[in-house]
Structure formats: structure tokens, C-alpha cells
Amino acid sequence: MTNQRKTISWASPDIREEDIEAVKEAVKSGWIGGNGPILKVFEKEFAQKVHARYAIAVNNGTSALLAGCMAMMPENDILKVAVPSLTFIASANAPFIFTRDIQFLDSDLKTFCVDTKNVKNDRNLIIPVDVGGVPCDYNKIKELGIPILEDAAEALGSEYKSNPVGSYADATIFSLHAAKIITSGEGGMITTNSDELYEKITSIINQGYSKTRQPWEYKHDKLGLNFRMTEMQAALGLKQLRRLEEYVWHRLELYNLYHEILGDYVEGYQECSIGHKNSHFLFPILVPVKKQILMVRRLWEMDGIETKITWKPAHLQEQFYYTQGVSPLPNAEYIYRRIISLPISNKTSQEDVEYIANRVIYHLKKINKDGVIIP
């Protein structure tokens with residue numbers, strides 16, 4: 001009789017019977033496309049949750065970034081973007097569609113979020129990223145005096161200075177991907193307090209339809225695309241949104257348990273500044289450089305534990321090699337060579353965390369500083 005290896009996924013969505021029933025009801029209603037009644041409720045409750053005036057649902061987080069870039073494009077000028085290099089690639093891919101003038105920024109070694117001290121004075125858009133759920137320092141970013149498109153794809157439920165992330169920037173985007181804090185399968189949301197941006201974005205995500213058009217008219221007054229969220233996605237997302245606090249609390253418990261078991265065995269952790277709140281989309285640890293890849297492989301091959309190296313910096317990705325002549329980004333590269341993100345999701349259990357943390361300690365002990373396995 002062979003032993004069955006336990007498999008622990010890096011991220012697992014929590015889909016309950018009430019979610020399934022909500023999607024079924026949306027299908028039965030006959031309104032399965034965009035702009036439906038459930039979607040309007042979802043947008044309203046999302047805006048209230050993050051203390052924003054408006055929320056606009058879209059089909060995924062990358063579409064949210066694209067729509068944000070289109071809405072915040074400067075008139076009579078080229079888009080000149082600053083974006084952190086240590087981020088999921090979508091944060092860089094989206095503005096790259098509209099401009100090649102992208103400045104990649106280094107990271108803070110403690111929070112892993114963007115370091116803004118070297119932002120060029122000609123930038124007309126900055127896209128800070130709340131890495132893993134840790135909020136950026138938005139008061140400091142606002143001192144730059146340029147428009148802010150916040151990438152909070154990983155930070156729903158996080159707080160900056162005791163207020164929800166989602167209302168500080170000119171516009172904020174969230175992802176509702178299956179791995180995120182809440183999910184609509186795929187999906188995204190854009191929040192803003194600006195009447196002007198709200199009008200622009202609602203048109204952009206719906207083929208640039210004119211606000212003044214009649215229902216029978218195909219009248220378009222700006223460039224737009226189809227980024228609409230379906231009614232089924234909205235039904236699932238709405239049910240998930242109403243459990244947001246439960247999910248964030250669960251992740252905090254897992255975070256504390258990881259810290260309690262791992263202690264000083266690892267080289268370092270991501271930090272969140274006092275007065276802010278981390279939604280704990282990620283639980284990243286830092287390990288010695290020569291142990292990183294071996295750790296990831298051994299955790300999967302021997303223990304069935306799926307981990308991720310989050311994220312390969314954008315300036316090291318092939319499509320962005322043109323930035324290499326600009327400046328090195330030592331902190332982003334330091335983190336990338338050492339980081340391992342362990343499973344932490346709405347379906348991860350405390351028993352899973354105990355197993356994972358103890359196997360991490362085991363492998364750290366079995367691999368010496370030169371990356372050689374100790375017999």
C-alpha cells in the first residue's frame with residue numbers, strides 16, 4: 001500500500017453553497033451580461049466597504065489597470081509612468097501598452113513596497129503597489145504631486161492609517177482573481193472619489209459609450225474597450241465581499257501562527273508599519289540565496305507544499321530589458337533572490353500551517369549555507 005502525499009495549494013478560494021446558489025440565481029434571471037442589477041449592488045457595497053464614493057466592476061484586475069491608465073492619460077502629453085519593479089507583471093504590462101517611458105522603482109527592504117526617493121520629476125503617473133497586502137506610504141507618495149493609480153490588487157481589507165485601502169489615491173484598482181482575498185473567479189474593481197474619473201472610467205470599460213446616448217443609439221465619444229463584469233461574477237463577488245472581515249481575520253490567525261513556529265529560523269519577514277493593517281494576501285519569508293530554489297523544489301517534491309517566488313522584478317523580465325541601462329534596483333533584486341511565499345488563503349487551515357512551517361524548518365536545517373544537502 002503506497003502512502004498518498006498530502007498536497008497543499010498555494011492559494012485556494014473558499015466557494016460555499018450560498019455562492020453557488022447566488023450564481024445559479026443570476027443565470028436563471030436571464031441577465032447574464034454586464035451592467036445588471038446585482039452588479040450595481042456589488043459596486044455600491046464595495047465602495048462602502050473601502051470608504052470610496054464610487055466603485056466600478058470590471059472583468060479582471062489587469063483590465064482595471066488598463067482602464068485606469070486610459071482615464072488618467074494626460075492631455076497633449078506622453079504618459080510617463082513610475083512603477084515599482086517588485087510586483088506582479090500586470091502592474092508594468094498595463095502602462096507598457098500606452099507608453100515606453102516607464103521608470104522602474106526600487107523597493108523598501110522592510111515593507112517590500114515602493115521606494116519613491118528617486119522618482120523622476122517629469123513623471124505624470126505613479127502606480128504604487130501594495131505588495132502582499134502591505135499598504136504603501138500614501139502621504140509620502142502624495143508629496144510627489146503627481147496622479148496616483150494605486151495597485152491594491154492584493155490589498156482588499158488592508159488599512160492605511162486605520163482607514164480602508166481604496167480611497168487615498170486618485171483611483172485604486174483591486175483584483176478579484178481566484179487567489180485573492182475575495183474572488184469572482186476572474187474580476188476586478190476600480191474605486192475613486194473623483195466625479196471626473198468615474199465618468200471617464202465607466203465609459204472606457206463600456207466601449208466609450210457617450211453618457212448622453214439614448215438606449216437605441218451606438219454613440220461613442222471616447223476610446224473604450226469591453227472590460228465589463230458579468231452578472232454571474234458579480235453574484236459570486238457580492239457573497240464573497242460580505243465575508244471579507246471573516247477572511248482577513250482568518251489570514252491574520254494563520255500569519256501569527258507562522259510567526260510563532262518559524263521564529264528566527266528564517267532570514268527575515270515582510271513588515272507592515274505601525275498604524276496600518278495588512279490583509280495578508282501573501283506570507284513571504286526570506287531565506288539564504290543558495291537555499292531558495294532548493295527549498296521551493298523540496299517543499300513541493302517531498303512534501304506536496306506549493307510555494308511561489310513572488311515576484312520576479314519587472315526590470316529583469318525579458319520584455320523590459322531596455323531599462324537595464326537606467327539604474328540597478330538592488331533592494332528589489334535582494335528580496336527576489338531570497339523570497340518564498342508560503343500558502344496562506346481562505347481555505348488554508350491551522351493544521352496546514354503547522355505542517356508547512358515545520359517542513360520549512362526541516363529543509364532549512366538540511367540545506368547548508370552553500371546550498372548543499374546535509375546527509
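Inspection of segment 56-66 identifies at least one residue that is in contact with a His (Cβ under 8 Å, 6 or more places away or on another chain) and in contact (Cβ under 8 Å) with a residue 24 or more places away in the chain. Among the residues of segment 271-282, none qualifies, meaning not one is at pLDDT 95 or above, hydroxyl-bearing (Ser, Thr, Tyr) and in a helix (DSSP H, G or I). For LYS117, the requirement of being more than 14 Å from PRO313 (Cα to Cα), in contact (Cβ under 8 Å) with a residue 60 or more places away in the chain and not assigned by TED's automatic domain parsing to the domain that holds LEU282 is not met.
Based on what the data block shows, is THR62 of a type in the set (Ser, Thr, Tyr), modelled with pLDDT of 95 or more and not in a loop (DSSP other than H, G, I, E, B)? Yes. Considering segment 231-241, and only residues there that are farther than 17 Å from SER12 by Cα and not aliphatic (A, V, I, L, M), the residue that is surrounded by the most Cβ atoms within 10 Å (Cβ to Cβ) turns out to be GLN233. Please specify each residue of segment 95-134 satisfying the condition of being in a loop (DSSP other than H, G, I, E, B) and either in contact with a Ser or Thr (Cβ under 9 Å, 6 or more places away or on another chain) or among the aromatic types (Phe, Trp, Tyr) (or both). Hits for segment 95-134 are PHE98, ASP106, LYS110, THR111, PHE112, CYS113, ASP115, ASN118, ILE127, PRO128, ASP130, VAL134.
Can LYS80 be described as within 20 Å of GLN319 (Cβ to Cβ) and at pLDDT 95 or above? Against the criterion (within 20 Å of GLN319 (Cβ to Cβ) and at pLDDT 95 or above), LYS80 qualifies. Only one entry of LYS347, LYS312, LYS369, LYS291 meets the criterion of being in a helix (DSSP H, G or I) and among the basic types (Lys, Arg), and that entry is LYS291. Among the residues of segment 328-375, those that are hydroxyl-bearing (Ser, Thr, Tyr) and over 24 Å from ARG243 (Cβ atoms) comprise TYR334, TYR336, TYR355, TYR362. The selection criterion, being among the β-branched types (Val, Ile, Thr), outside any loop (DSSP other than H, G, I, E, B) and touching a residue at least 12 places away in the same chain (Cβ under 8 Å), does not hold for ILE78.
Note on segment 1-60: among residues that are among the acidic types (Asp, Glu) and more than 23 Å from SER279 (Cβ to Cβ), the one that is surrounded by the fewest Cβ atoms within 10 Å (Cβ to Cβ) is GLU17. The set of residues in segment 1-50 that are part of a helix (DSSP H, G or I) and of a type in the set (Val, Ile, Thr) comprises ILE20, VAL23, VAL27, ILE38, VAL41.
Against the list (1) at pLDDT below 95; (2) in contact with a helix residue (DSSP H, G or I) (Cβ under 8 Å, 6 or more places away or on another chain), the condition PHE42 fails is (1). Looking for whichever is crowded, with 16+ Cβ neighbours inside 10 Å and farther than 20 Å from LYS44 by Cβ here; the options are LEU244, LEU262. Which one fits? Residue meeting the stated conditions: LEU262. Of the residues GLY61, GLY68, the single one that is under 16 Å from ASP130 (Cα atoms) and touching a strand residue (DSSP E or B) at 6+ places or on another chain (Cβ under 7 Å) is GLY61. The single condition from (1) in a strand (DSSP E or B); (2) within 23 Å of ALA90 (Cβ to Cβ) that ILE285 fails is (2). Residues in segment 195-225 that are closer than 19 Å to THR62 by Cα and either touching a helix residue (DSSP H, G or I) at 6+ places or on another chain (Cβ under 7 Å) or in contact (Cβ under 8 Å) with a residue 24 or more places away in the chain (or both): LEU197, TYR198, LYS200, ILE201, THR202, ILE204, ILE205, ASN206, LEU223, GLY224, LEU225. If I ask for residues that are at pLDDT 95 or above and either farther than 27 Å from ASP151 by Cβ or among the small types (Gly, Ala, Ser) (or both), which ones from segment 188-219 would you list? If the condition is that a residue be at pLDDT 95 or above and either farther than 27 Å from ASP151 by Cβ or among the small types (Gly, Ala, Ser) (or both), then GLY188, SER194, SER203 are the ones that fit.
The values are calculated or read from the model by the stated rules, or taken from the named source; none is laboratory data. Remember, predicted model here, so these are calculated numbers, not experimental data. Cβ sites come from the backbone with ideal geometry, for glycine too, and all protein chains shown count toward neighbours.
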